[in-house]
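K.L.:
One structure coming up, written as structure tokens, with questions to follow.
The values are calculated or read from the model by the stated rules, or taken from the named source; none is laboratory data. Note that the coordinates shown come from a computational prediction; the quantities given were computed from them, not determined experimentally. Here the Cβ positions follow ideal geometry from the backbone for every residue, glycine too, while neighbour counts run over all protein chains shown. Note: accessible area is taken over every heavy atom of the protein model, side chains too, but ligands, DNA and RNA are not part of it. Shrake-Rupley method; radii C 1.70, N 1.55, O 1.52, S 1.80 Å.
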Amino acid sequence: MACQANSPVRNVKMLDITRINDYVMFEIEANAFLHHMVRYLVGTMIAGSQDRIELDYFEKLINNPEKNVKIFKAPPQGLILTGIDYEI
């Protein structure tokens, strides 16, 4: 499915990763999100932590997004939207 947004460019303002016992919490704040964006970010970061991709590859994806690259999608279970803040 093609991107339905006017522009696929998003500004991730904050990304925080915290481990709490057996859980890992990813807190992501952005100006907007694309369909499955959080699942792709989390899945690819987990793949990096499991040495399935190199850190420099992840940095390249973030800084120079391309189509048809190897990314990982986290399953939806456990991903929770905790809030929405609209700038006025």
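K.L.:
When Lys and Arg each count +1 and Asp and Glu each count -1, what net charge do the other residues less than 14 Å away from residue 73, Cβ to Cβ, add up to?
P.N.:
Around residue 73, the surrounding residues sum to +3.
K.L.:
Can I ask one more? For residue 86, what is the net charge nearby, where nearby means another residue's Cβ is under 15 Å from its Cβ and Lys, Arg count +1, Asp, Glu -1?
P.N.:
-2
K.L.:
Also, I was wondering about something else. Counting only heavy atoms of the protein chains, get the accessible area per residue of the chain (1.4 Å probe) and round it to a whole Å² value.
P.N.:
86
K.L.:
Let me ask something else. Taking springs between alpha-carbon atoms closer than 10 angstrom, which of 20, 62, 53 fluctuates most in the Gaussian network model of the chain?
P.N.:
20
K.L.:
Still on this model: Do any GluC sites (Glu not before Pro) in segment 10-88 lie in a DSSP loop with no more than 13 other beta carbon atoms within 10 Å, and if so, which?
P.N.:
Taking segment 10-88 and a limit of 13 other Cβ atoms within 10 Å, the loop GluC sites (Glu not before Pro) found are 54, 66, 87.
K.L.:
HN-Hα J couplings of segment 73-81 from phi, Karplus 6.51/-1.76/1.60, θ = phi - 60°, integer Hz, Gly and Pro as x?
P.N.:
Result, ordered by residue: 10, 6, x, x, 5, x, 8, 10, 7 Hz.
K.L.:
In nanometres, what is the gap between the two model label sites at residue 19 and residue 69, each 7 Å from Cα along Cα-to-Cβ?
P.N.:
Placing both labels 7 Å along Cα→Cβ, they lie 2.7 nm apart.
K.L.:
Give me the percent relative contact order of the chain, please, defined on Cα pairs under 8 angstrom at least 6 residues apart.
P.N.:
That works out to 23 percent.
K.L.:
Expressed as a whole percentage, what fraction of the accessible surface of the chain belongs to carbon and sulfur atoms when a 1.4 Å probe is rolled over the protein heavy atoms?
P.N.:
Carbon plus sulfur share of accessible area: 52 percent.
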